[in-house]
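What follows draws every value from the coordinates through simple rules; no lab data is involved. Note that the coordinates shown come from a computational prediction; the quantities given were computed from them, not determined experimentally. For neighbour counting, all protein chains shown are included, and Cβ atoms are generated from backbone atoms with ideal geometry for every residue, glycine included.
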Amino acid sequence: MLFSWTKNNVAVGFVVGERWLTSAWLIGYKSRRNRKGNSILADRQSTKVVMLCQRPIYTHNHMSLAELISSNLNQVILKTTPIPMIKKPFVSLQLPERLYETLIVEKPNTLKLTGQWAAAALADAGYNLNEWRWDVCLQGSACVFLLVKMVDLHHYLQPLNKAGCVPNAVSYINPERLVSLDNHLAPQYTGMTVLPDPIAAKQAVCLAATGLGYIYA
Amino acid sequence: MHNLITPVYARKQAQQRWLYSTIACACVVLGFLQLRYALTTASTTAEPIITQPIKVMPELIAPEVPALMPAPTTEEPNYTTLDSTPQLLDKPNPCADLTPPDYQITAVLWQQQGELLVLRSPLGRHLHVSLGQHLEQSKWVLQSIDKHSITWQHQEFLCNVIQAIKAPPNQPLRY
């Protein structure tokens, strides 16, 4: 167990819901025999969900969200293994879904990700770039923008920064796309426990999997 | 994957910064190595080169010696080295001991048929010597007459001795 935690990549996905905080711990095994191409079978064999839990937020609990995430990280990192983990896990965070806005535009012909075309497209759509934090992904012939208000982002990141557990990424897993995307990961967490929010559990697993390099968008 | 903490443009900029930083560091390292190489090559002192003794021909060392050397033959020249012929270099030059004839120059006659030198022997007898003429009872030949000096040539050693016309006869100029 210790050897596998120090050798392989570990990713954590935190999904912040309205009432539940879902955390999923994944290990990506560096087995070249199982990582042939990007087949679903190879992904299933090289990724393992080692922990999946949900805790209530603000109900039956006096701890804040940042304290919950920090305690979860420190508990696993410091107490699960005999020695602290040498390789820190990749932490991904998903804020409540109501804070996200998604914008889909057609991909321009001459596309440069570092150019000003993305900012110009957002400005044309009526977004003030000083108030929104955004990122863009290419999906086929469309460009998908994900936007969060700067105030909301800092509202959640400020306590995490004070607690010393700033996530590596703040992303979003669209629950509508989970039906077709998470089939290969579903057998790993369906049989563990009956969770009060199964969609958030799936989102957390996919969020952690994106931290290991898999694309779920 | 969307990442609102480090969006796409920030990731691209970070990659470009990493690339440029790597190139700059490589240039700095190469420049340092070049400078170090230049300093090390400039500070080295020249080592003395040890070679074999130089072979020279004795004729080139002492041009006046060939009269003493054997006649040149068709055989291979006998090369000698500097360190193997110390006796040749230490041998006294016979021309150094020669003195011009003990005759006092009384007059030089500049004539149309040739210059004529008038000498006076120690016994007080006057005699006339022209160019190329032997001095009596000696091996000296009058070689040339200049404005301020005359040149004697010894028939045995082929040495030229210059005698100043106004200088005392016992202090000749040599070359």
Using modelled backbone amide H atoms (1.01 Å from N, in-plane), which distant-in-sequence or interchain residues come within less than 5 Å of A:Asp197's amide H?
-> none
Hey, what do the phi angles of the stretch B:122-138 turn into as Karplus ³J(HN,Hα) couplings, whole Hz, using 6.51/-1.76/1.60 and θ = phi - 60°, x for Gly and Pro?
-> x, 7, x, 9, 8, 8, 10, 10, 9, 5, x, 9, 6, 7, 5, 6, 7
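How do B:Val8, A:Val91, A:Val170 rank when sorted from fewest to most other Cβ atoms within 10 Å of their own Cβ?
On the way: B:Val8 17, A:Val91 23, A:Val170 26.
Exposure proxy ranking, most exposed first: B:Val8, A:Val91, A:Val170.
Quick one: work out Rg over Rh on the C-alpha atoms of the stretch A:99-147, Rh as Kirkwood radius.
On the Cα set of the stretch A:99-147, Rg over Rh gives 0.93.
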